[in-house]
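Below is one structure, written out as structure tokens; the observations come after it.
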Amino acid sequence: MNRILTLLIGFLTLFSCENVNKTDPATSNSDTNSEKIDETQPTFGIVIHGGAGTILKENMSDSLETAYKQKLEEAIRIGHDILKSGGTAMEAVTKTINVMEDSPLFNAGKGAVFTHEETNELDASVMDGATLNAGAVAGVTKIKNPIDLALQVMTNSPHVLLAGEGAELFASERGFEMMDPSYFYTENRFQALQKVKQKEATSVSSLNLQAYDPFIKNSKFGTVGCAALDKNGNLAAGTSTGGMTNKRWNRIGDAPIIGAGTYANNATCAVSSTGWGEYFIRAMVAHDISAMMEYKGVTLEEAAVEVIQTKVPELGGNGGIVAIDTNGNVTMEFNTAGMYRAHMNAEGKLVVGIYGEE
Ligand code: ASP
């Protein structure tokens, strides 16, 4: 009798442990969304960022905070509607990014930061997780929505990355409108450049990178990016940026570098990065997260924490990522004071955040 009782208790304990493990990911981290309400429906989801950096509540007016939140919500709802009605992850990613590129709030498209020469040079990339196909553009100056051009490079050229005038020649051959560079002028971004130049002139040589660091570290970034999972189980990611204020020498950051700023693979996850691009290139941030999942079998959350909280800061860099995996789990990980971000799951639950610990 005792043996039967012991066996019964053992069986019940095993059964309940298994259930705890199944539900654990949903409760282990507030930035992870793995709730599944209706398991019979194909899941989908979308996550976006509008840049990471020294984004502090005390430096933000209520009206600006509201403007950011509204634009993040407007953007993510566009992508969510596409996914809900059966559209592709790539369509959701590019259309969502278009909304942020057209807003002066973000450092992409209309709101791009200024180079040292007081011009705007835009970078963007996309990647399709189903085919591992990718497209990117760097240093374009006349393209309203660089993410659309990155998609054209992917779908209508034999190449992955086009730069500068050549990229713009390709764009005009594909029927893209050429914007007057004055379209990208915004007073805020222009004044930000003047401030950085003044600090640079009074304090340090810009060639002394050690001394230059605090300026870069304290400057806001503001790149935009999106990662999505569609109802067919396909993942896609995209990133679009004006780069970093006061960049020169045709500097190109991580945003158009596949594996650094953007990566998507149906076997693992889709990732878009934002932050100090040189470090994100050296750490191959987006691919590293995917590779950890693929080769080490860790979760998206574990991989993102390792790369963003350990690997990138140990090199000296800062920033964040947004990512979604094939099961719809979402991560928004950053090591800066804040990151503009939002995600929506298949049930339409919306989460919008700006600062840390929200
Ligand atoms: N990663 C971008 C770059 O280095 C900047 C940003 O994310 O805001 O060009």
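The values are calculated or read from the model by the stated rules, or taken from the named source; none is laboratory data. Keep in mind that this is a model prediction, so the values were computed, not measured. Cβ coordinates were reconstructed from backbone atoms using ideal geometry, including for glycine residues, and neighbour counts include every protein chain displayed.
Report, by residue number, each residue of region 232-261 that is away from the ligand (no atom under 11 Å from the Cβ) and out of contact with any Leu (no Cβ under 7 Å at 6 or more places or on another chain). Full working, then the answer.
First, the residues of region 232-261 that are away from the ligand (no atom under 11 Å from the Cβ): 232-238, 246, 248-250, 258-259.
Passing the criteria: N232, G233, N234, A236, A237, G238, R248, W249, N250, I258, G259.
Among the listed residues I55, I76, I46, identify the single one that is more than 15 Å from the ligand (Cβ to nearest atom) and not in a helix (DSSP H, G or I).
On the way: I55 fails: more than 15 Å from the ligand (Cβ to nearest atom); I76 fails: not in a helix (DSSP H, G or I).
On inspection, the qualifying residue turns out to be I46.
Please indicate, with yes or no, whether at least one residue in region 207-226 is more than 16 Å from the ligand (Cβ to nearest atom), at pLDDT below 95 and in a loop (DSSP other than H, G, I, E, B). Walk me through it before giving the result.
Going through region 207-226, the residues more than 16 Å from the ligand (Cβ to nearest atom) turn out to be 207-208, 210-211, 214.
Among the residues that remain, those that are also at pLDDT below 95 are: 207-208, 210-211, 214.
After this cut, where a residue has to be in a loop (DSSP other than H, G, I, E, B) as well, the list is 207-208.
Yes - at least one qualifying residue is present in region 207-226.
Using beta carbons and a limit of 7 Å, which pairs, at least six apart or on different chains, have the first residue in region 227-247 and among the basic types (K, R) and the second one away from the ligand (no atom under 16 Å from the Cβ) and not in a strand (DSSP E or B)?
K231/P42; K231/F44; K231/L83; K231/G86
Looking at (1) at positive phi; (2) in contact with a strand residue (DSSP E or B) (Cβ under 7 Å, 6 or more places away or on another chain); (3) of a type in the set (A, V, I, L, M), which is the only condition L132 fails?
Looking at each condition in turn, L132 falls short on (2).
Search region 52-77 for residues being hydrophobic (A, V, I, L, M, F, W, C) and in contact (Cβ under 8 Å) with a residue 40 or more places away in the chain, and hand back the single one that is farthest from A237 (Cα to Cα).
We begin by selecting, within region 52-77, every residue hydrophobic (A, V, I, L, M, F, W, C); these are 52, 55-56, 60, 64, 67, 72, 75-76.
Now narrow it down to the ones that are in contact (Cβ under 8 Å) with a residue 40 or more places away in the chain: 52, 55-56, 60, 72, 75-76.
Details: A52: 17, I55: 24, L56: 27, M60: 29, L72: 17, A75: 15, I76: 14 Å.
Checking each candidate, the answer is M60.
Being surrounded by 11 or more Cβ atoms within 10 Å (Cβ to Cβ) and either in contact (Cβ under 8 Å) with a residue 24 or more places away in the chain or within 16 Å of T245 (Cα to Cα) (or both) is the filter here; which residues of region 192-207 pass it?
Kept after step one, since they are surrounded by 11 or more Cβ atoms within 10 Å (Cβ to Cβ), are these residues of region 192-207: 192-197, 199-200, 203-204, 206.
Passing the criteria: A192, L193, Q194, K195, V196, K197, K199, E200, S206.
Take region 272-298 and flag every residue that is surrounded by 24 or more Cβ atoms within 10 Å (Cβ to Cβ), away from the ligand (no atom under 13 Å from the Cβ) and not small (G, A, S).
I289, the sole residue that qualifies.
Test each condition in (1) assigned to a loop (DSSP other than H, G, I, E, B); (2) over 18 Å from the mean Cα position of the chain (by Cα); (3) crowded, with 24+ Cβ neighbours inside 10 Å for E118 and report the one that comes out false.
(3)
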